[in-house]
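Each remark here refers to the structure printed beneath this line.
The values are calculated or read from the model by the stated rules, or taken from the named source; none is laboratory data. What you see is a predicted model; the values in this text were computed from it and never measured. All Cβ positions, even for glycine, are placed from backbone atoms using ideal geometry, and neighbour counts span all protein chains on display. We work out accessible area using only protein heavy atoms, side chains counted, and drop any ligands, DNA or RNA first. Shrake-Rupley method; radii C 1.70, N 1.55, O 1.52, S 1.80 Å.
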Amino acid sequence: MANRPLRIIVAKAGLDGHDRGAKVIARALRDAGMEVIYTGLFQTPEQIVQTAIQEDADGIGLSILSGAHMTLFPLVTEQLKAQGADDIVFFGGGTIPPDDTEALKKAGVREIFTPGAPLSEIIEFVQRECGKRREKVG
Amino acid sequence: MAKMIDRPSGLGAQPTPEFEEQKRTWEQASAAGKPRTGAGSGAVDRTISDVPLKTVYGPEDVAQLDLARDLAWPGQYPYTRGIHPNGYRDRLWTMRQFAGFGNAKQTNERYHFLLSQGQMGLSVAFDMPTLMGYDSDAAQARGEVGKCGVAIDSLADMEVLFDGIDMGAITTSMTINGPAAIALAQYVAAAEKKGISRKLLGGTVQADILKEYIAQKEWIFPPRPHMRIIVDMIEFCTNEMPKWNTISISGYHIREAGSTAAQELAFTLADGFAYVEACMKAGMDVDSFAPRLSYFFNSHIDFFEEIAKFRAARRIYARHMREKYGAKDPKSWQLRFHTQTAGCSATAQQPENNIVRVAFEAMAAALGGTQSLHTNSMDEVLALPTEKSVEIALRTQQVLAFETNVTNVVDPLGGSYYVEALTDEMERQAEAYFAQIEEYGGVVEAIEAGFFQKEIAEASYRYQRSIETKDRVIVGVNAFQKEENLAGIELLRITEEVERAQARSVQEVRAHRDQSAVAAKLARLQQACRDPKDNVMPHLIECVNAYCTEGEIVDSMVEVFGRYVERSVF
């Protein structure tokens, strides 16, 4: 199973319809050899975590550009903990001010990528962190 | 009568042997040149939209142009050179900054500030729950209230939003689509409560639902019932609100979603034509409604491509409206548009650089002949703008309008070999897209097939790749980076208390109203929704006046029309 490609959920939560970034990331991760499941728009944190568990995903990337990040990111981390699935690498991106990035990282979000982050950096992060998780969880 | 002297009908005058010789010399010199290498050198031969570019343009590139047919003079069909004979000499563009955050009271204060600083019109930004048809206390609204716009749940909020503002004198643009008809009903009701007749109201409500399915994704109902509501709205405004621009057909969001300039142009005009066809099919005379349609474009960072896009938009529109739809009134041929600088060109890195980008983009809009303009604030890539950064954005427009003198001559780039050739190329690419859309059976069918969504996703990925490879340089992002600590940068913050207070406020509204009137008005509205011959607008105004909330009205309509679910592609 070790050679099974990494499986990543790219998610959009809340009422935010800005899906350009999510789609570009989904495509870039797929082109880098990962299996990508894009949830589509308007998912609840509960639905996102359910999808990740059902799909046996290695990581969740959540994109929020509507300003609701301080509510929706923590709801996902809470759900992951509640479901005993907080080994899943949870990262995100969007229109997120620097101070909020720090707060979200403290709350269990592994990394936040803001506009302008190179795709190569995001791919490298996902491969590294999800790879580490594979070693641990198998 | 003496034989007329033969004169070329186009810009491409017959070259003399001397000129031909000069050209050959230039070609040799050019071929001997050494192209620069390094960052940003990979894309010198194409626009940001991948339109191939020559090193220089000359008469042969515009030889096909016919001066009378393709250019004419400003204020003349096909309006390539602008819709006004004197351009900005008679009237500058309207400086209209898009604003809204928190609750109606906070936003009302921002409006008073902007008006006191010389802004000429208002533009309302609503928050996500309002845009999607949910009240502030709905489960779907959690974390979103007041965040990227103002929360408007009922007429009560709309009254506060325009407190102390003369709605009979100011023009207002409301950027809302799914629930556009409800927002318009609230605006009419708020004005009439102040004793201002709907006949006096000027402005526009975006109400362009087709581009929601294509790009912005703020829909409620499926496309067909949504189209019916828009036709109802256009008909209502045509009969009752003579000064209102009924709908603002928007390419802005298509571009922000990652499209090319030609896609923005083609998809937007295709949407516009779809509304024209829907209204004509409903039995309206094209000249009764077309003069009040307006458009909204993006101004991106590729300076000349944008100017060409604006010029091409006017020409294509005029041709289709006159030739294809048989409009007789010149006002029906004239494409009037608002422009906003490209949010997607702004960077989170070294955000002050965005001031410069905005200035260039704003100048492209002015040289393209825009009727109104929003300049983005430098910090919008991080959060909603602060008052200071909004002021800089507005001042940028004022410097452009009053100091640079680009407003003194109409269409100053008309006749430029390059700009004319690029204008032609934009038109050609747009026509090719129209043919493709036609093959699907129309815009709605192409949406259902995911055509636009796929085209945009492709273009946006291609663009991103060109930044990754450094074929294109974005200053501060993939070149000229510096270590910076943005923590502590002053940003506008919307507190969670705003959400709690707004939720309480809509509950107050629901508690203090005539409940039997609410039930009766909503039932009557549903009846109108079921009867395609009825017009929903008067019933919406009745609902709004009974203080039905937006969420209640939308829920009643969803019972009849259903909710749209997208098939996602990436």
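Selection of helices (runs of 4 or more DSSP H) fully inside segment B:81-164 by the criterion of at least 3 residues being within 12 Å of another protein chain (Cβ to nearest Cβ) and either at pLDDT 95 or above or over 24 Å from residue B:506 (Cβ atoms) (or both) returns B:128-132.
Name the residues in segment A:73-82 that are closer than 23 Å to residue A:29 by Cβ and either out of contact with any helix residue (DSSP H, G or I) (no Cβ under 6 Å at 6 or more places or on another chain) or of a type in the set (Val, Ile, Thr) (or both), would you? If the condition is that a residue be closer than 23 Å to residue A:29 by Cβ and either out of contact with any helix residue (DSSP H, G or I) (no Cβ under 6 Å at 6 or more places or on another chain) or of a type in the set (Val, Ile, Thr) (or both), then A:76, A:77 are the ones that fit.
Considered as a group, the residues in segment A:3-27 that are in contact with a helix residue (DSSP H, G or I) (Cβ under 7 Å, 6 or more places away or on another chain) and more than 12 Å from chain B (Cβ to nearest Cβ) include one that is surrounded by the most Cβ atoms within 10 Å (Cβ to Cβ), and that residue is A:8. Just a yes or no: is a residue in segment B:459-475 within 22 Å of residue B:379 (Cα to Cα) and part of a loop (DSSP other than H, G, I, E, B)? Yes - at least one qualifying residue is present in segment B:459-475.
Residues checked against (1) open to solvent by 10 Å² or more (accessible area, probe 1.4 Å); (2) among the hydrophobic types (A, V, I, L, M, F, W, C):
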site: B:114; (1), (2): no, yes
site: B:124; (1), (2): no, yes
site: B:140; (1), (2): yes, no
site: B:144; (1), (2): no, no
site: B:148; (1), (2): yes, yes
site: B:153; (1), (2): no, no
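Condition check: over 24 Å from residue B:460 (Cβ atoms) and under 11 Å from the mean Cα position of the chain (by Cα). Does residue A:52 satisfy that? For residue A:52, the condition - over 24 Å from residue B:460 (Cβ atoms) and under 11 Å from the mean Cα position of the chain (by Cα) - is met.
Highlighted here are the helices (runs of 4 or more DSSP H) found entirely within segment A:28-125 that include at least 1 residues which are within 13 Å of chain B (Cβ to nearest Cβ), basic (Lys, Arg) and open to solvent by 40 Å² or more (accessible area, probe 1.4 Å): A:98-106. Within segment B:476-506, being over 18 Å from residue B:155 (Cα atoms) and open to solvent by 100 Å² or more (accessible area, probe 1.4 Å) holds for B:480, B:481, B:482, B:483, B:485, B:490, B:493, B:500.
Rundown of residues vs (1) under 27 Å from the mean Cα position of the chain (by Cα); (2) among the aliphatic types (A, V, I, L, M); (3) under 17 Å from residue B:181 (Cα atoms), yes/no style:
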residue	(1), (2), (3)
B:466	yes, no, no
B:474	yes, yes, no
B:483	no, no, no
B:502	no, no, no
B:511	no, yes, no
B:530	no, no, yes
B:539	no, no, yes
B:545	no, no, yes
B:549	no, no, yes
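Among the residues of segment B:479-534, those that are without any contact (Cβ under 8 Å) to a residue 12 or more places away in the chain, in contact with a helix residue (DSSP H, G or I) (Cβ under 6 Å, 6 or more places away or on another chain) and away from chain A (no Cβ under 13 Å) comprise B:528, B:534. Restricting the first member to segment B:557-568 and to residues that are more than 14 Å from chain A (Cβ to nearest Cβ) and open to solvent by 40 Å² or more (accessible area, probe 1.4 Å), and the second to residues that are charged (D, E, K, R) and not in a loop (DSSP other than H, G, I, E, B), the beta-carbon pairs closer than 6 Å and six or more apart or on different chains are B:560/B:530. Taking residue B:424 as the residue in question, decide whether it is assigned to a loop (DSSP other than H, G, I, E, B), more than 14 Å from every other protein chain (Cβ to nearest Cβ), among the acidic types (Asp, Glu) and touching a helix residue (DSSP H, G or I) at 6+ places or on another chain (Cβ under 9 Å). Considered against the rule, which asks whether it is assigned to a loop (DSSP other than H, G, I, E, B), more than 14 Å from every other protein chain (Cβ to nearest Cβ), among the acidic types (Asp, Glu) and touching a helix residue (DSSP H, G or I) at 6+ places or on another chain (Cβ under 9 Å), residue B:424 comes out as no.
You will find that of B:347, B:407, the residue that is within 14 Å of chain A (Cβ to nearest Cβ) and not in a helix (DSSP H, G or I) is B:347 and no other. When the residues of segment B:364-388 are filtered to those that are at pLDDT below 95 and in a helix (DSSP H, G or I), the one that is least open to solvent (accessible area, probe 1.4 Å) is B:387.
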